[in-house]
1. Filter region 80-128 down to the residues that are free of Cβ contacts under 8 Å to residues at least 12 places away in the same chain and hydrophobic (A, V, I, L, M, F, W, C) and list them by number.
2. Sort out which residues of region 75-102 are in contact with a Phe, Trp or Tyr (Cβ under 6 Å, 6 or more places away or on another chain) and within 20 Å of Lys182 (Cα to Cα), and write them in order of number.
3. Could you tell me whether region 52-61 includes any residue that is polar (S, T, N, Q) and either surrounded by 23 or more Cβ atoms within 10 Å (Cβ to Cβ) or not assigned by TED's automatic domain parsing to the domain that holds Thr146 (or both)?
4. Does region 153-175 include one or more residues that are surrounded by fewer than 13 Cβ atoms within 10 Å (Cβ to Cβ), over 15 Å from Trp68 (Cβ atoms) and of a type in the set (S, T, N, Q)?
5. Does any residue of region 143-153 turn out to be touching an Asp or Glu at 6+ places or on another chain (Cβ under 8 Å), closer than 16 Å to Met81 by Cα, at pLDDT 90 or above and acidic (Asp, Glu)?
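The values are calculated or read from the model by the stated rules, or taken from the named source; none is laboratory data. Source: prediction; values computed, not measured. Heads up, the Cβs are rebuilt from the backbone with ideal geometry, glycines too, and the neighbour counts pull from every protein chain shown.
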Amino acid sequence: MKALLRIFRPSRKLVLIVGGIALLGGVSGGAALYMGKEAILGAPAETVNGAACTDVNLVTIKKQKKTWIRKYIKTEPTDGMTRVKTALRVAKAVYEAQKPDLVQVVVLDANGPTLRSDIRGRAIGADVVFIPHPDPLIESIEGSKTFTARYYDGTAAANGLFFGERVDLPEDEITTLNASFKDVSDCIDPIAVAATEGGEGKSEKPKGKAEKPAGEHGAAPAEAAAPEAAPAAGH
């Protein structure tokens with residue numbers, strides 16, 4: 001029996017190796033619990049790219065041989081920074097697809113208004129204006145910048161109106177957010193989805209309404225960017 005014990009007795013070196021592996025495993029597990037899954041797997045897509053969204057309305061404005069696009073979208077309830085990230089992502093997607101001179105994206109809550117006449121003030125959870133080449137537009141929009149972005153940091157009530165403090169992001173922070181997107185995707189078009197599924201929406205989606213210059217019928221898109229002011233609603 002003693003001979004068998006001597007045969008199966010582990011050497012000191014083997015004990016140290018096994019112990020080191022066990023210690024390393026314990027430390028790694030502890031580190032995983034301490035850092036959280038985001039540090040290991042990366043941040044969730046919503047944290048980086050904003051939330052999924054649905055188209056509500058699209059307006060195309062022709063002004064001084066320039067094309068301005070204003071897009072209204074809605075998201076499920078989420079925080080203010082996620083809403084503004086969503087608006088930035090969609091603005092970038094619209095620009096890459098159509099190359100307009102100005103893009104404005106207005107984010108509404110899923111329970112918010114859908115009529116443009118009602119989209120004003122606290123119905124606007126986030127608002128982004130993107131002017132890729134602002135110099136030619138300076139005469140039309142005083143003090144124009146490449147990006148403006150603002151949002152309400154509170155959640156929406158049952159009627160889709162937002163509460164909380166309004167936050168205006170500095171342009172350098174907006175630029176950093178815009179450069180961080182791993183995916184640049186537009187919102188879901190419910191009419192196109194209905195057509196694909198063989199529903200009643202097989203007719204083509206109406207194109208965005210072309211409005212006359214804002215100087216004749218309403219506020220310019222950049223002025224409409226402020227949540228306190230209603231986006232230009234035409235007639």
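1. If the condition is that a residue be free of Cβ contacts under 8 Å to residues at least 12 places away in the same chain and hydrophobic (A, V, I, L, M, F, W, C), then Leu115 is the only one that fits.
2. Of everything in region 75-102, those that are in contact with a Phe, Trp or Tyr (Cβ under 6 Å, 6 or more places away or on another chain) and within 20 Å of Lys182 (Cα to Cα) turn out to be Gly80, Arg83, Val84, Arg89, Ala91.
3. Checking region 52-61: not a single residue is polar (S, T, N, Q) and either surrounded by 23 or more Cβ atoms within 10 Å (Cβ to Cβ) or not assigned by TED's automatic domain parsing to the domain that holds Thr146 (or both).
4. yes
5. Step one: filter region 143-153 for residues touching an Asp or Glu at 6+ places or on another chain (Cβ under 8 Å), giving 145-153.
Keeping just the survivors that are closer than 16 Å to Met81 by Cα gives 147-153.
Cutting the leftovers down to at pLDDT 90 or above gives us 147-153.
Next, from what is left, pick out any that are acidic (Asp, Glu): 153.
Among the residues of region 143-153, at least one is touching an Asp or Glu at 6+ places or on another chain (Cβ under 8 Å), closer than 16 Å to Met81 by Cα, at pLDDT 90 or above and acidic (Asp, Glu), which makes the answer yes.
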